[in-house]
Amino acid sequence: MARIELKLAHSYKANPQQDSDYALLPLDMTFDDGGAYALLGPSGCGKSTMLNIMSGLLAPSHGSVLFDGRDVTRASPQERNIAQVFQFPVIYDTMTVAQNLAFPLRNRKVPEAHIRERVGRIAEMLEMSGQLDQRAANLSADAKQKISLGRGLVREDVAAVLFDEPLTVIDPHLKWQLRRKLKQIHHELKLTLIYVTHDQVEALTFADQVVVMTRGRAVQVGTPDALFERPSHAFVGHFIGSPGMNFLPAQAADGKLAVAGMRLAAPRALPAGELRLGIRPEYVQLAAPEQAGALPCAVARVQDLGTHQMLTAGIDGLQIKVRCASDQALLAVGSTVWLQVLGEHTCFYQNEELLP
Amino acid sequence: MSATIKPVNQKAWFLILPVLLCVAFSAILPLMTVVNYSVQDIISPERRVFVGTEWFAAVLRDEELHGALVRQLVYSLAVLLVEIPLGIVLALAMPAKGWKSSAVLVTVALSLLIPWNVVGTIWQIYGRPDIGLLGAALNAIGVDYNYTAYATDAWVTVLVMDVWHWTPLVALLCFAGLRSIPDAYYQAARIDGASKFAVFRYIQLPKMRGVLMIAVLLRFMDSFMIYTEPFVLTGGGPGNATTFLSQYLTQKAVGQFDLGPAAAFSLIYFFIILLLCFVLYNWMQRVGTADAKEGGHD
C-alpha cells in the first residue's frame, strides 16, 4: 500500500512547444494511501496516460512519480508492485481460474502452500470458489474481469490497484454488481484504488475523490458532492450531471447583473467584465412572475422521464434546462414560464474558473 | 405454437447448383475417371479389361511403394519439425513496426515468390561441388559433400531447400498471429511479473494456435505432395534416395504408362493425405484448449 505523488508532465512529442502538445500538462497531485479515486474525463483527456504513468507502463517525459516518498519514475510495474485491470479482460486462456489467480505469485516464487491459501481467499472474496478448476477461457466477460482483478489482489503487498475503464465490456445489469464488489473489496482490504472512466455514474458511485480531467489538465479534485455543488471549473459543471449545468452569459455593473437582456439585482459583489452564471437543472425553480432573480422564458420542450420531467425553456437565444417533479402540471409548449436562476446554488465563472 | 407446417422450399437447390456443377467438373468427375482407370487394365484405347481390385492389391504389395511412402512420411515429419519451430522463432525475432518491419517482411517473403522449378534449379547450381557456392565451399573446408553421389547429402539438400523455400510462410503466418495480440496482454504479463518464456508459453503460443494449425496443415499437405524441387534437383536419386510418393506415381503413370496401377495408387495417396490431415487437425484442436470455437476470433 502506498501514497502516490505525481509531480510531472507528459508529452508524446519530443519537443513540446505549446499546451496542445502535452498529453498531460504539468500537475502536482497526491493520492493518499487507502483512498478510492476516480479519474474522470472524456476520451483523450489524458486519464489513461496518467494511469499508465502511475503503473509504470509509461515513463513521464518530465518530472517524477513518488510512492511513499520513494522515487519510482523509472521503475517497472513489477518493481512498483502495482496491479492493473484493463478495459478488456486479460486472462491466460490455457489456464484454469486457479492457475490464473496463482500466476503472479508463481512468477514471484511464493511457496506453494501460501499460494493455495491466497488463491482460496481471493476466490472466496470474488465469489468464484466454485469455478476454480474451470478453464478461464470459457467464462463470461464479467467473470474474466473478476479474474483479472483477482490476479491483482492475490499479492497482499500490492501498492495500488489501477482500473482502466474495467466495465466497458460488461453487461449493464452486471456492472452494478461488480461495482459493489469493488466497493466491498476496498472496504475490506483498505487498498489504494484508482479507477479511470468516462462514465460519471461509475466515477461518482465508486470514488471518495474524483479527479475531473480535460485536455491533459486536472481541473478539479473533489468529493462527488463538491463536484456537483461547487464545480470549480465550467468544464466540471458541464461534464458532471445529466444534463450538465446551465450556463448563461452575464455582466455585472453597479450592483446589477445583466442576464439574457434582463437586469437582475446582483446577489453579491461580482467583478466587472464577462461572467457566466451557472446553475444546475436540479436547482432552477419555477417562480412567480416578476419575482426577484427570475427570468421569463418560453417553454420549448417538456420530456416526461418517469421519475421527473425535463423542461427546456428559451430566453434571448439561450437555453435553460429545468428538472421538475413528475407531479408538476404539464406546461404547454410556447407558454411563458418564470425561472429562478439566482439563489444559493448559483455559481459564477470568469475565464471558466469559479469565482469564490 | 401454431399447427401449420413450415412449407418446404425446394428453390434452394437451384442456388447451390452452380457450385455443384463447378465442383463436379473440377474435382468429382476427374476423380471418377481415376476411379474408372483403377479398376481396368487398359491395353490399348480400344481394348480394356475389368480387373476389379487387382491393381489395389498389387500396389499395396509393391515394395518400392512402401519405400517411397516411408521416405515421404519421414520427410514430411522432418519438414514440420524444422519449419514450424524455426518459423515461430523467426516471427518472434521480426521487428513489430516501422520501416524495419516492412523491410523484413518483404525480404522474408522473397523466397515464396520463386516458382518451384526455379527453386530446384537454384539449389542444383548452388549445391554443385565443382562450381556451386555451397557445394564448393563445403568441399573447400574439407566436407566431402556431393548430392548427386551420396544419398544422405541428397536427402539433406532436399530438406534444406524446402526449409529455405517454405519457412517464411510459417514465419509470416506466425507474425500475423503475434500482431493480433492486444498490448494489454503484454502489459498484464509485465505487471504479473511473467518471464519472457512465460509470456511465450501462456500468451503468444496459445494465441498463435489458430495460425499454427493452418501452417502445420499447409506445410504437411504441401510437403507430402512435393514433386518439382526434388525432381529438378536430384531426379529422385541417387538410386531412389529422394524418390517421394508423387515422383514414384509420375514414373508409373507417365513413364511406364501403367495407368491402372497408377490410378489405384493415386486414390490410395489421396486417402492417406485426407486421413493424416484429419488426424492432425483433430489432434491440434484438442491439444491447445477445449474452447476451439473461441480461439479463432479472440
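The values are calculated or read from the model by the stated rules, or taken from the named source; none is laboratory data. The structure presented is a predicted model; accordingly, all values stated were derived computationally and were not measured. Cβ atoms come from the backbone with ideal geometry, glycine included; neighbour counts cover every protein chain shown.
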Next on the checklist: For the condition farther than 17 Å from B:Q187 by Cβ, at pLDDT 85 or above, within 22 Å of the chain's Cα centre (by Cα) and not β-branched (V, I, T), what is the one hit in A:P42, A:P89, A:P111?
Outcome noted: A:P42
Checklist entry - Would you pick out the residues in the range B:98-126 that are polar (S, T, N, Q) and closer than 13 Å to B:F231 by Cβ? => result B:N117, B:T121, B:Q124
Next on the checklist: Go through the range A:148-190 and report how many residues are part of a loop (DSSP other than H, G, I, E, B), over 14 Å from A:Y37 (Cβ atoms) and aliphatic (A, V, I, L, M).
Outcome noted: 5
Checklist entry - How many of the residues making up the range A:54-71 are buried (at least 16 other Cβ atoms within 10 Å of the Cβ) and either within 14 Å of chain B (Cβ to nearest Cβ) or in a strand (DSSP E or B) (or both)? => result 9
Checklist entry - Is it the case that the range B:78-88 has a residue that's more than 30 Å from B:G239 (Cα to Cα), assigned by TED's automatic domain parsing to the domain that holds B:P230 and among the small types (G, A, S)? => result yes
Next on the checklist: Being of a type outside the set (A, V, I, L, M, F, W, C) and more than 10 Å from every other protein chain (Cβ to nearest Cβ) is the filter here; which residues of the range A:135-168 pass it?
Outcome noted: A:S140, A:D142, A:K144, A:Q145, A:K146, A:G150, A:E156, A:D157, A:E165, A:P166, A:T168
Next on the checklist: Between A:N81, A:N138, which is within 28 Å of B:I181 (Cβ to Cβ), free of Cβ contacts under 8 Å to residues at least 24 places away in the same chain and assigned by TED's automatic domain parsing to the domain that holds A:T197?
Outcome noted: A:N138
Checklist entry - Condition test on B:M208, is it of a type in the set (A, V, I, L, M), at pLDDT 85 or above and touching a Cys at 6+ places or on another chain (Cβ under 8 Å)? => result yes
Next on the checklist: Return the residues of the range B:259-272 that are free of Cβ contacts under 8 Å to residues at least 24 places away in the same chain and buried (at least 20 other Cβ atoms within 10 Å of the Cβ); say none if nothing qualifies.
Outcome noted: none
Checklist outcome for this item: Being modelled with pLDDT under 80, over 18 Å from B:V79 (Cα atoms) and away from chain A (no Cβ under 14 Å) narrows B:G255, B:G260 down to just B:G255
Checklist entry - Residues in the range A:101-118 that are within 14 Å of another protein chain (Cβ to nearest Cβ), in a helix (DSSP H, G or I) and not basic (K, R): how many? => result 7
Item to check | Answer from B:A154, B:A176, B:A171 - the residue that is under 27 Å from B:W123 (Cα atoms), away from chain A (no Cβ under 14 Å) and more than 16 Å from the chain's Cα centre (by Cα) | outcome: B:A154
Next on the checklist: Would you confirm whether or not the range B:216-227 contains a residue that is assigned to a helix (DSSP H, G or I), crowded, with 17+ Cβ neighbours inside 10 Å, modelled with pLDDT under 90 and in contact with a Gly (Cβ under 7 Å, 6 or more places away or on another chain)?
Outcome noted: no
Checklist entry - How many of the residues in the range A:123-134 are within 14 Å of another protein chain (Cβ to nearest Cβ) and surrounded by 12 or more Cβ atoms within 10 Å (Cβ to Cβ)? => result 1
Item to check | A:G35 vs. criteria within 18 Å of the chain's Cα centre (by Cα), surrounded by fewer than 22 Cβ atoms within 10 Å (Cβ to Cβ) and farther than 21 Å from B:A188 by Cα | outcome: yes
Checklist entry - So which residues in the range B:118-140 are touching a Ser or Thr at 6+ places or on another chain (Cβ under 9 Å) and of a type in the set (D, E, K, R)? => result B:R128
Checklist outcome for this item: The one condition A:A98 fails out of (1) aliphatic (A, V, I, L, M); (2) within 12 Å of chain B (Cβ to nearest Cβ); (3) in contact with a helix residue (DSSP H, G or I) (Cβ under 6 Å, 6 or more places away or on another chain) is (2)
Item to check | Residue within the range B:237-247 that is surrounded by fewer than 18 Cβ atoms within 10 Å (Cβ to Cβ), over 16 Å from the mean Cα position of the chain (by Cα) and within 14 Å of another protein chain (Cβ to nearest Cβ) present | outcome: no
Item to check | Those residues of the range A:37-53 which are in contact with a Lys or Arg (Cβ under 8 Å, 6 or more places away or on another chain) and not in a loop (DSSP other than H, G, I, E, B), in sequence order | outcome: A:L39, A:L40
Checklist entry - Any idea which of (1) out of contact with any Leu (no Cβ under 9 Å at 6 or more places or on another chain); (2) more than 30 Å from A:Y12 (Cα to Cα); (3) of a type in the set (V, I, T) is the one A:V219 doesn't satisfy? => result (2)
Item to check | Single match in B:L169, B:L105, B:L134 (criterion: touching a residue at least 40 places away in the same chain (Cβ under 8 Å), surrounded by 13 or more Cβ atoms within 10 Å (Cβ to Cβ) and in contact with a Lys or Arg (Cβ under 9 Å, 6 or more places away or on another chain)) | outcome: B:L169
Checklist entry - Quick one: is B:S111 within 18 Å of B:V170 (Cα to Cα), among the hydroxyl-bearing types (S, T, Y), at pLDDT below 90 and under 27 Å from the mean Cα position of the chain (by Cα)? => result yes
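For (1) under 24 Å from A:R230 (Cα atoms); (2) modelled with pLDDT under 85, each residue gets a yes or a no:
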| position | (1), (2) |
| --- | --- |
| A:L270 | yes, yes |
| A:L277 | yes, no |
| A:V284 | yes, no |
| A:Q291 | no, yes |
| A:C297 | no, no |
| A:Q319 | yes, no |
| A:R323 | yes, no |
Next on the checklist: Quick check on my filter: what residues within the range B:79-102 are more than 25 Å from B:L218 (Cα to Cα) and in a helix (DSSP H, G or I)?
Outcome noted: B:W99, B:K100
Item to check | Whichever residue in the range B:179-197 is in a helix (DSSP H, G or I) and of a type in the set (D, E, K, R) and, among such residues, is farthest from the other protein chains (Cβ to nearest Cβ) | outcome: B:R179
Checklist entry - What do you reckon, is A:L355 at negative phi, out of contact with any Ser or Thr (no Cβ under 9 Å at 6 or more places or on another chain) and either in contact (Cβ under 8 Å) with a residue 40 or more places away in the chain or not assigned by TED's automatic domain parsing to the domain that holds A:L270 (or both)? => result yes
Checklist entry - Does B:L69 fit the bill of being outside the structural domain of B:T243 (by TED's automatic domain parsing), surrounded by 10 or more Cβ atoms within 10 Å (Cβ to Cβ) and part of a helix (DSSP H, G or I)? => result no
